[in-house]
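The values are calculated or read from the model by the stated rules, or taken from the named source; none is laboratory data. Computed from a prediction, not measured in an experiment: that's the story for all the values here. Heads up, the Cβs are rebuilt from the backbone with ideal geometry, glycines too, and the neighbour counts pull from every protein chain shown. Note: accessible area is taken over every heavy atom of the protein model, side chains too, but ligands, DNA and RNA are not part of it. Shrake-Rupley method; radii C 1.70, N 1.55, O 1.52, S 1.80 Å.
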Amino acid sequence: ARPGAQGASGRRPFGPMDSRRVDGASPELTFDLLRVWASDARCCQVGVTQLVGCPWQALTQALRRARHDRRRDRAASAATLQSCLALGLRLSADEAADDGDVDEMWGEPSERALRQCLLESYVTKEGDELLAILKAKQNDPMSYFHAYRNLESCAFHWRWYLYCLTFETSELARGVDDPCVVNMPIDSVDLHVLSRAFRTQIVVTRLMEDPLCFSSSEHEIADHRPNHTVRLLYHKGLWAALLGPLGPEAEPRPLVDAVVELGVLPTGPLEVFSGKTAVVTGFDRVLDCYLVKVGRLSLAVERPQIKQVVYHERWASDQDRVRTREDPQGGRWSWSLAPGCGPAYRGIPDGALEFQVLHELVRRQARRRLGDMMQELAGRTSVPGHN
């Protein structure tokens, strides 16, 4: 059947993605779509857990990646420092100093370390502090206590909750003697405690919702300043970790020799180069970073820190050949192209999942505005937040 034509069942075989229908049929499928979209959007790998969607295993993978990135950044900073010194640039003592490390305290991140950290934080809480934690967990949709109707029930099961935290996922998978033990999920309160303990900012990406960000508060930054970012994906109890960048071979077109615009660089001496134009000179597989030159200065930047490609001689030649082939007379392009064959919108191909997500967001916004307009024309006041 041609695209857009209805089949024998009366349904359109092709059409825009509707995540609500897909999610209603299978949340796992929606979670896979989120994984693909996040990998394409951030140009990185998505971790796979032994138990599908396990939050403890996903967070452990993400923290291990953050530990690897801290060591990589030290090596990259040392190389940048040498480049600056060679050019006669001097960094202040604060800029050249190391932020410190939590590796000596916790060692290699593990599920046992995560559970131990939470238990040490929770077991000493009493009175108003404990009530504040219980209330926060009860109001959090990700928490086990969200199904509880009142704080008294939460407080009654608090000791049992801490007891369940002592069991790792692998133990529960093999089976335990106590049938009352439950593998507790990770919630927002847990993520805040862990972000502070591991000095790591934790960002949780959700489909069609704003991301959640957990880090130390302003008055805690002096003692518990986050020195890296951990990124997680979440959808209806399913979790995954965003890991290292994809290699240059995974790029649809090579970035080496391209003129690019840099995005937001980490706070510190390299922050002044945010938004600057640079030339990509190569890819360092040890650092998992692209090597770029800003003037005479050499920098190592991660793939997500490259905002966009400004110019690439090879890309421009390919586009010229395509335009000549499609319109030898040099006239205007014909925009009646098949799905997946249209020009990229701000670097997003129309056949990519990211474009489909963007398309659905626009459809939802348009549907909401049309609904509000119809309510006003009918003389009825539109309801705030109406979808």
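Are there any pairs with C-beta distances below 7 angstrom linking a residue in region 294-313 that is within 19 Å of Asp284 (Cβ to Cβ) and assigned to a strand (DSSP E or B) to a residue that is of a type in the set (Ser, Thr, Tyr) and modelled with pLDDT of 85 or more, with the two at least 6 apart or on different chains, and if so which?
Cβ pairs passing all conditions: Val301/Tyr290; Ile306/Tyr290.
Contact list please: Cβ distance under 9 Å, first residue in region 274-293 and within 22 Å of Arg74 (Cβ to Cβ) and touching a residue at least 24 places away in the same chain (Cβ under 8 Å), second residue open to solvent by 10 Å² or more (accessible area, probe 1.4 Å) and polar (S, T, N, Q), pairs at least six apart or on different chains.
As it stands, the answer is Thr281/Ser298; Cys289/Gln305; Tyr290/Thr281; Tyr290/Gln305; Val292/Thr281; Val292/Ser298, since those pairs meet every condition given.
State which residue pairs qualify: first residue farther than 30 Å from Leu297 by Cβ and inside region 56-77, second residue of a type outside the set (Lys, Arg) and in a helix (DSSP H, G or I) in any location, beta carbons under 6 Å apart, and separation of 6 or more residues or different chains.
Pairs found: Trp56/Glu111; Trp56/Thr169; Thr60/Glu111.
Search region 119-146 for residues being of a type in the set (A, V, I, L, M) and part of a loop (DSSP other than H, G, I, E, B), and hand back the single one that is least open to solvent (accessible area, probe 1.4 Å).
Met142
Give the residues of region 231-258 that are among the hydrophobic types (A, V, I, L, M, F, W, C) and touching a helix residue (DSSP H, G or I) at 6+ places or on another chain (Cβ under 9 Å), sorted by residue number. Full working, then the answer.
Keep residues of region 231-258 that are among the hydrophobic types (A, V, I, L, M, F, W, C), which gives 232-233, 238-243, 246, 250, 255-256, 258.
The answer is Leu232, Leu233, Leu238, Trp239, Ala240, Ala241, Leu242, Leu243, Leu246, Leu255, Val256, Ala258.
Please enumerate the residues belonging to region 268-295 that are within 25 Å of Gln201 (Cβ to Cβ), surrounded by 13 or more Cβ atoms within 10 Å (Cβ to Cβ) and among the β-branched types (Val, Ile, Thr).
Val292
Residue-by-condition table, conditions (1) touching a His at 6+ places or on another chain (Cβ under 7 Å); (2) under 18 Å from Leu291 (Cβ atoms); (3) acidic (Asp, Glu); (4) part of a loop (DSSP other than H, G, I, E, B):
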{"site": "Ala240", "(1), (2), (3), (4)": "no, no, no, no"}
{"site": "Pro252", "(1), (2), (3), (4)": "no, no, no, yes"}
{"site": "Val256", "(1), (2), (3), (4)": "no, yes, no, yes"}
{"site": "Pro266", "(1), (2), (3), (4)": "no, yes, no, yes"}
{"site": "Glu271", "(1), (2), (3), (4)": "no, no, yes, no"}
{"site": "Gly275", "(1), (2), (3), (4)": "no, no, no, yes"}
{"site": "Val279", "(1), (2), (3), (4)": "no, yes, no, no"}
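Among the residues that make up region 227-234, is at least one of them modelled with pLDDT under 90, more than 19 Å from the chain's Cα centre (by Cα) and open to solvent by 30 Å² or more (accessible area, probe 1.4 Å)?
Within region 227-234, none of the residues are modelled with pLDDT under 90, more than 19 Å from the chain's Cα centre (by Cα) and open to solvent by 30 Å² or more (accessible area, probe 1.4 Å).
Can you tell me which residue within region 200-226, out of those that are over 12 Å from the mean Cα position of the chain (by Cα), at negative phi and in a loop (DSSP other than H, G, I, E, B), is modelled with the highest pLDDT?
Thr200
In this structure, does Val272 turn out to be over 24 Å from Arg64 (Cβ atoms), touching a strand residue (DSSP E or B) at 6+ places or on another chain (Cβ under 9 Å) and modelled with pLDDT under 90? Spell out how you get there, then give the answer.
On the way: over 24 Å from Arg64 (Cβ atoms): yes; touching a strand residue (DSSP E or B) at 6+ places or on another chain (Cβ under 9 Å): no; modelled with pLDDT under 90: yes.
Judged against the criteria, Val272 is not a match.
Could you please find all residues in region 33-64 being modelled with pLDDT under 90 and in a helix (DSSP H, G or I)?
If the condition is that a residue be modelled with pLDDT under 90 and in a helix (DSSP H, G or I), then Leu33, Leu34, Val36, Trp37, Ala38, Ser39, Asp40, Ala41, Arg42 are the ones that fit.
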